[in-house]
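Novice: I have a structure I would like to understand better, so I am pasting it below and will then ask my questions one at a time.
Laboratory data are not the source of any read-out in this text; all were calculated from the coordinates shown. Please read these numbers as outputs of a predicted model, since none were measured by experiment. Positions of Cβ are generated from backbone atoms using ideal geometry, with glycine treated the same way; all protein chains shown enter the neighbour counts.
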Amino acid sequence: MDTIDFVRSAVQDIQRGFQTEIEPLTQEQIIYRPTKEANTIAFVAWHMTNSWDGFAHRAVLNKPLLWTSDGWMEKFDLKDGMNSGNMTPEQIGAFNPSKDLLFSYSQRVHQVLMEALGTLTEADLDKAPNPERPTMTLGRNVSNLVLGHAFWHLGDIRFLKGMQGMPWSR
């Protein structure tokens with residue numbers, strides 16, 4: 001198995017994990033917050049999907065994110081400029097998308113991410129898309145954002161489920 005195949009396999013595992021963990025939850029459970037400063041499962045799932053959208057489109061495809069080009073921002077009823085990294089605790093508390101909407105966006109981004117990863121070669125992983133950040137290669141982006149960040153947030157979802165008395169899916 002080469003590096004790209006490994007990454008694509010891991011992305012499949014992460015996507016399956018997100019779907020499996022969230023699918024049985026009620027709307028109340030996906031917006032549960034243990035404190036007013038905490039994230040919700042809905043926010044974490046959306047944030048991770050939006051991060052993958054950004055990687056696929058900015059770092060690999062050099063195209064606008066699905067978030068804007070396919071109108072997901074409007075579907076989620078979020079204002080321009082609100083993205084996965086700049087929502088306040090109040091905005092996160094008010095963020096209440098349906099599970100179906102979360103899944104639709106997630107599935108669409110996953111499809112495009114898999115296609116984008118399929119265009120990469122081993123040599124591409126050593127390239128730095130931003131000349132001002134020569135050490136931030138595509139390979140480091142894949143390692144840190146596409147895989148590490150996603151597994152971390154899958155853990156967040158499992159933790160938030162546990163706080164509600166639910167086991168994580170195996």
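Novice: Over the chain, what relative contact order in percent results from Cα pairs under 8 Å that are six or more residues apart?
Specialist: Relative contact order for the chain comes out at 34 percent.
Novice: So what's the net charge close to Trp72: Lys and Arg +1, Asp and Glu -1, counting the other residues with Cβ under 12 Å from its Cβ?
Specialist: Net of charged neighbours comes to -2.
Novice: Send over the Kirkwood Rh of segment 69-170, from the inverse of the averaged 1/r over different Cα pairs, rounded to one decimal Å.
Specialist: 16.5
Novice: Given (i) 19.6, 66; (ii) 16.1, 47; (iii) 15.1, 50 as candidate values of Rg and Dmax of the Cα atoms in Å, which corresponds to the one derived from the coordinates?
Specialist: This structure yields the entry labelled (ii).
Novice: Give me the net charge for the shell around Ile41: Cβ to Cβ below 11 angstrom, other residues only, Lys and Arg +1, Asp and Glu -1.
Specialist: +1
Novice: Mark the label point 7 Å from the Cα of Ser169 along Cα→Cβ and return the residues of segment 1-44 whose backbone N is within less than 12 Å of it.
Specialist: Of the residues in segment 1-44, 14-26 have backbone N under 12 Å from the label point off Ser169.
Novice: If you don't mind, another one. If each residue's Cβ is checked for other Cβ atoms within 10 Å, how do Trp67, Trp152 rank with the fewest at the top?
Specialist: Listed from fewest to most nearby Cβ atoms, that is Trp152, Trp67.
Novice: Follow-up question, since we're still on this one. Cross-link candidates for Lys36: which lysines have Cα within less than 19 Å, leaving aside residues fewer than 8 places away along the same chain?
Specialist: Lys161
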